[in-house]
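Colleague: I'd like to ask some things about the structure below.
The values are calculated or read from the model by the stated rules, or taken from the named source; none is laboratory data. Bear in mind that the values here come from a model prediction, so they are computed numbers and not experimental data. Methodologically, a virtual Cβ is constructed for each residue, glycine included, from the backbone with ideal geometry; neighbour enumeration extends over all protein chains shown. These area figures cover heavy atoms from the full protein model, side chains too; ligands, DNA and RNA do not enter into them. Shrake-Rupley method; radii C 1.70, N 1.55, O 1.52, S 1.80 Å.
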Amino acid sequence: MAMAALRREGRRLATVISPQPITALRSSLVYEEQAPLGVRSISTQVVRNRMKSVKNIQKITKAMKMVAASKLRAIQVRAENSRGLWQPFTALLRDTPSVDVKKNVIVTISSDKGLCGGINSTSVKISKALHKINSGPEKETKYVVLGEKAKAQLIRDSKKDIEIIFTELQKNPLNYTQVSVLADDILKNVEYDALRIVFNKFHSVVSFLPTTSTVLSPEIVEREAESGGRLGDLDAYEIEGGETKAEILQNLAEFQFSCVLFNAVLENACSEQGARMSAMDSSSRNAGEMLDRLTLTYNRTRQASITTELIEIISGASALEG
């Protein structure tokens, strides 16, 4: 009875598909002869391979998220502690981004690796905007680049304005001694009236704030103090010892730059790891959604392949009987 019902169903499907089942069977056989071996399962095989690739990518993104979270916890504590270094200088020497000087040096801090969202593009955009604002016929604006990603973007259209490039800063855990040596190299090799440090300040895993800190040269600090501006209250402090006011300002400017640079590098590293965590989390979710769609496609393709085989078998049996 089951075979009879199957034959009746086969006759009905054969009538719907083609009025000439023998022709359909012959064309199917010709197709099998022309096609390579395993052509009926090639679509499911492709989907299966794609599913395997997506699963592997999902494993990688999840692992990268865990690594970024581990690094973030280690750097975040150091970044929060480093904020106490530059805050006294901000209270004493102020942060005056609107000061008008002739020689500007823009210190752009970025990461050496990608897959961390748009933090590097943001730093580069702000650096280019500062370069445009502080450019003029009697002004000189140069770049000091920290990080491979900012280097790759700035070197395309601003190569002649780049003075120094530093890369692989985070290859080893950073400490103040390393950054102070780096700051000393910058101060020895560039002439400046104002150093404008561009970095991403860490707020949370999903939030960072593009920030610019300004460090003035001792001459500009003294000029601003004498003009009675925001730095005019420096004269209220007494100088002890044999050092002159110019020497003290020189030491303060150098120490301020090293402290601000140390905090900026750590803040940017925190922002990088937080952005990488968010990016890898989004990638893992997208991979999961893609895997669900591929699984549905695979099941539908497999079911369609089985149905096609059954139809051809029934059609062939019906044609032979008829």
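Colleague: Contour minus end-to-end for Leu85 and Ser204, with contour as 0.36 nm per residue of separation and end-to-end as the Cα-Cα distance?
Modeller: On the way: separation 119, 0.36 × 119 = 42.84 nm, distance 2.09 nm.
That pair, Leu85 and Ser204, stretches by 40.8 nm at full extension.
Colleague: Once each part is reduced to its C-alpha centroid, what is the distance from the stretch 58-133 to the stretch 256-322 in angstrom?
Modeller: 32
Colleague: Go through Lys62/Lys151; Lys151/Lys245; Lys55/Lys201 and tell me which ones have a Cα-Cα distance over 31 Å in this structure. Don't jump to the answer; show the numbers that get you there.
Modeller: Details: Lys62/Lys151 29 Å; Lys151/Lys245 38 Å; Lys55/Lys201 34 Å.
With Cα atoms farther than 31 Å apart: Lys151/Lys245; Lys55/Lys201.
Colleague: Kindly state, to the nearest 0.05, the FRET efficiency for Ile164 paired with Leu296, given R0 = 41 Å and r defined as their beta-carbon distance.
Modeller: After rounding, the FRET efficiency stands at 0.15.
Colleague: What accessible surface, in Å², does a 1.4 Å probe find on Arg50, ignoring ligands, DNA and RNA and rounding to the nearest 10?
Modeller: It works out to around 120 Å².
Colleague: Next up: Given 10 °C and 1.306 mPa s, how large is the Stokes-Einstein diffusion coefficient of the stretch 77-145 in µm²/s, with Rh as the Kirkwood radius over Cα pairs?
Modeller: Values: Rh = 14.4 Å.
My calculation gives 110 µm²/s for D.
Colleague: Check which residues have an amide H placed less than 5 Å from Ile162's amide H, if you skip close sequence neighbours.
Modeller: Tyr143
Colleague: To continue, here is another question. On a 1.4 Å probe surface of the protein chains, which of Val206, Val260 comes out largest in accessible area, and what is the full order?
Modeller: Accessible-area ranking of Val206, Val260, largest first: Val206, Val260.
Colleague: More than 17 Å apart: what percent of Cα pairs in the stretch 112-234 qualify? Could you put the intermediate results ahead of the total?
Modeller: Working: 4898 of 7503 pairs.
Above the 17 Å cut-off, the stretch 112-234 has 65 percent of its Cα pairs.
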